[in-house]
Amino acid sequence: MENESGALSRVVGLFSARGYNIESLSVAPTDDDSLSRLTLVTSGSEQIIEQIIKQLNKLIEIVKVSDLSDFKYIEREMMLLKVEAKHTDAITSIKQVADIFRGKIIDLSNKTFTIEVSGQGEKLDAFLEAMQDQIIIEVVRSGCIGIARGSNSLKI
Amino acid sequence: MELSGAKIFVESLKAEGVDTIFGYPGGAVLFLYDELDKAAADIDHILVRHEQAAIHAAEGYAKSTNKVGVAIVTSGPGATNAVTGIADAHLDSVPLVVFTGQVPRALIGNDAFQEVDIIGITRPCVKHNFLVKSLEDLAPTIKKAFYIASTGRPGPVLIDIPKDITDGKEKCEFEYPEEVNIRSYNPNNKGNPRQIRLAADALLEAKTPILYTGGGVILSGASSELTELARMLNYPVTNTLMGLGAFPASDPQFVGMLGMHGTYEANMAMHKSDLVVAIGSRFDDRVTGNIEKFCPNAKIIHVDIDPASISKNVMVDIPIVGDVKQVLADLIDELKKRNEKPDKEANTEWWNTINEWRKTDCLRYDQGEELITAQYVIDKLWQLTHGDAFVCSDVGQHQMWAAQYYRFDKPNRWINSGGLGTMGFGLPSAMGVQLAHPDETVACITGDGSIQMCIQELATCLQYQLPLNIISLNNGYLGMVRQWQEFFYQKRYAMSYMDSLPDFVKLAEAYGHVGLQIKNPADVEGALKEAIDNKQRLYFLDFITNPEENVYPMIPAGAGQNEMILV
């Protein structure tokens, strides 16, 4: 979409006005600074998804819409997680779980660890599940981004 | 040459060929008004008495001419008052460009005097809107706005202009862009040839087809193509409320309006059809009734410029995205190339069935000697104006009667608020129509409820000497509300009675017009004639009508098209 103020608001407004669901949303400028790329995860019947795509295409500032699930695609999400790390057994356990999920400890204090994990949404869910024994202080997730595999692309 | 923002605004309007602008001044638009006043030789500014009316007047102007309607209002309350009109234009796909003043850029977001975020407020009810952030952007933005408003599926575009852009302290080189290029907006006018061939196949195979056509035919200026197609095939045609006049109502192939208050024959023909050809119509809930029971045996072709209209409410078998006029022309060419013709026997049988339904005579009414019936008034208006007047309507029972009894033979003559159903639309829209067509007869059909929602515009009518014929069907009720309460709320008439009505005759006179009250059926024709014949004065005809009259036929909400209440 055009990298202009208001464009994002039109997209979000459309979803709420028409009762469509936003599961996650991620948006940032691209290599072309006149454009932003927005990745949105939603769910619905085939007819609803078709209607969502048509309604998005009607927005003047939307340049192109692609349903990634029409292709083979790669999906990634990042999570930052802050947990309490005061006792030795907790520290060991946190490190172990982080290792299994290829998480990185990116910050620490005398009371906390901050871990970065990325992957598909399901992997992050599983990581959170595995951390349930710990005292979780804060969780932040980026929302999904995705790209088609192979030579398929959303090039303007 | 370097110009101020206000001057650029005026020069851009001139470049767009704008001859009329409807508006109301205020602090944030004073620089624009200063320049508009100097340009009075080229652009007529029409001063309304409430901003909602400015938008409705621009809609009337646009709907009756197929040109872009233009309005200007100030920031804050001026802008919010315009919102109802903008939403109305959005739902009826009316091409408008609306200018709103905004507080100076440095004050935006500071809760300044008369500041509202009109871009945010109108985002869901415009085709697009722009906040002009720099003087250099002004002319290109106006160019884009006119382009977006008038192409594809038309609609309202709003331009919010901060006051300091117009104040002249800053000037910039003015050159109105000749072309506009928006990479993300390229409406597709030409229908896919393969789909057109499929549609031709379906049309030739059909035994009980019907053409169901809407406002898109009028917006696209495709009445002659529609008429040619229908006559070529001898298939029945029904119009939606927004599509009336696109096919001549006096043509024997016309089966009347369809939908909630459509004719028995139109709704039955839809229900029993094996092929529905939807042209510039959008399967609105007032048309389909219960979607589960809608046209159970029909294959559906849908021609529409807006892809999002296709398969939104009803799944379509043969979608054709494109401009109605062009698609119909291509379809006619395709049919001419074919050797096959529609099945003549099936066609005769289909017409026999339709003519049986017609015998129900679902629009019959009895005009006794005591009380005036609303239907009779409209019928007389139709006779006296030879079906050739511009008819603007408010919203309610009178609107449905106007749609049923004024038989439009030409497009762009029926001006009403179909999608939003805005009471108060009638009078201001009629002003816009009369200004666009100074020598034509313009009638405003209204009720005692609706007329009071924009009654202040009687002053505007005096200022610009607009000889409107206001036909108020006064039944002392919010008639459509009362009808629903009678049918579905066990006659509990909560708040639908209009107590303390003003004396409309005195009111009209107070505004400098002619007011007449008509109580006797024998006086209806004379009063209408007097009003129509007088090309100088506005007539307010207050017809005291039967308070208990209902609009029939009616498909109750949730029922199928074949489940009509006839009387």
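Please treat every number below as a calculation from the coordinates, not as lab data. Computed from a predicted structure; not experimentally measured. Methodologically, a virtual Cβ is constructed for each residue, glycine included, from the backbone with ideal geometry; neighbour enumeration extends over all protein chains shown.
Key figures for this structure:
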read-out	value
Proximal aspartates and glutamates to A:Lys111, defined as alpha-carbon separation beneath 19 angstrom and excluding residues fewer than eight positions away on the same chain	A:Glu84, A:Asp89, A:Asp133, A:Glu138
Flagged links, alpha-carbon separation over 27 Å, of B:Lys190/B:Lys336; B:Lys38/B:Lys143; A:Lys72/A:Lys123; A:Lys54/B:Lys337; B:Lys190/B:Lys337	A:Lys54/B:Lys337
Tail weight of P(r) past 19 Å, computed on alpha-carbon pairs of segment B:374-544, percent	52 percent
Computed Rg/Rh of chain A, alpha carbon atoms with Kirkwood Rh	1.06
Cα-derived Rg to Rh of segment B:2-172, Kirkwood definition	0.93
Calculated from backbone phi, Karplus (6.51, -1.76, 1.60) coupling profile of segment B:205-210 in Hz, x at Gly/Pro	7, 5, 9, 10, x, 8
Kirkwood hydrodynamic radius of segment B:358-465, from inverse mean 1/r over distinct Cα pairs, in Å	14.6 Å
FRET E, pair B:Met232, B:Ser500, Förster distance 45 Å, beta-carbon r, rounded to 0.05	0.20
Segment B:71-110 - Rg (one decimal) and Dmax (whole number), Cα, Å	11.8, 36
Proximal charge balance of B:Ala200 [Cβ under 15 Å; K/R count +1, D/E count -1]	-3
Separation between Cα centres of segment A:116-156 and segment B:396-473, rounded to whole Å	58 Å
Size of segment B:289-356 as Cα extents on the principal axes (Å, biggest first)	37, 35, 17
Where labels lie 7 Å past Cα in the beta-carbon direction, separation of B:Asp19 and B:Asn186 in nm	3.5 nm
Average other protein chain Cβ within 10 Å of Cβ, residues A:48-59	4
Environment charge of B:Gly418, counting only residues whose C-beta is closer than 15 Å and scoring Lys/Arg +1, Asp/Glu -1	-1
Sorted largest first, extent of segment B:392-448 alpha carbons per principal axis (Å)	29, 23, 21
Distance between segment B:309-328 and segment B:174-194 - C-alpha centres, whole angstrom	20 Å
Shielding by partners, peptide B:121-129 (average Cβ within 10 angstrom, other chains)	3
Members of B:Lys7/B:Lys144; A:Lys58/B:Lys14; B:Lys293/B:Lys359; B:Lys63/B:Lys127 lying beyond 27 Å, as alpha-carbon distances in this model show	A:Lys58/B:Lys14
Net charge, B:Gln102 excluded, C-beta distance under 14 Å - Lys, Arg +1, Asp, Glu -1	-4
Calculated SAXS-style log₁₀ I(q)/I(0) at q = 0.09, 0.12, 0.18 Å⁻¹ - segment B:301-427, Debye, Cα scatterers	-0.47, -0.81, -1.20
Calculated from backbone phi, Karplus (6.51, -1.76, 1.60) coupling profile of segment B:497-512 in Hz, x at Gly/Pro	8, 8, 6, 6, 5, x, 7, 5, 5, 5, 4, 4, 5, 4, 8, x
Pairwise FRET efficiency - B:Ala510 versus B:Asp37, Cβ, R0 = 35 Å, nearest 0.05	0.75
Convex hull volume of chain B per residue (C-alpha atoms, cubic angstrom)	152 Å³
Area projected by the alpha carbon convex hull of segment B:453-567, averaged over all directions, nm²	9.2 nm²
Distance between modelled label sites at B:Glu370 and A:Ala17, nm, 7 Å Cα→Cβ extension	5.0 nm
Mean projected area in nm² (Cα convex hull; one quarter of hull surface) for segment B:115-178	4.9 nm²
Ordering of A:112-124, B:23-35, B:328-340 by burial proxy (mean other Cβ atoms within 10 Å per residue, highest first)	B:23-35, A:112-124, B:328-340
Cα centroid separation, segment B:354-378 to segment B:1-44 (Å)	50 Å
Placed amide H near B:Asp448: partners under 5 Å, 5+ positions off or other chain	B:Leu473, B:Asn475, B:Gly476
Additional length obtainable on full extension of the chain from B:Asp361 to B:Arg338, 0.36 nm per residue less Cα span	4.5 nm
Placed amide H near A:Ile137: partners under 5 Å, 5+ positions off or other chain	A:Lys82, A:Val83, A:Glu84
Two-site label geometry, B:Lys529 and A:Ile74: point separation in nm, points 7 Å out along Cα→Cβ	8.5 nm
Inverse of mean 1/r across different Cα pairs in segment B:193-358, Kirkwood, Å	15.4 Å
Between helix A:46-58 and chain A: long-axis angle, C-alpha atoms, 0 to 90°, nearest 10	70 degrees
Extent along principal axes [Cα atoms of segment A:7-65; Å; largest to smallest]	34, 22, 19
Highest-first arrangement of A:2-11, B:512-521, where packing means the average Cβ count within 10 Å	B:512-521, A:2-11
Per-residue ³J(HN,Hα) for segment A:139-156, Karplus 6.51 cos²θ - 1.76 cosθ + 1.60, θ = phi - 60°, Hz, x for Gly and Pro	10, 9, 10, 7, x, 6, 10, x, 8, 6, 6, x, 8, 4, 8, 10, 8, 8
Compactness of the protein assembly as shown as Cα Rg over 2.2 N^0.38 Å, two decimals	1.10
For B:Gln517, residues with placed amide H under 5 Å, excluding near neighbours	B:Asp542
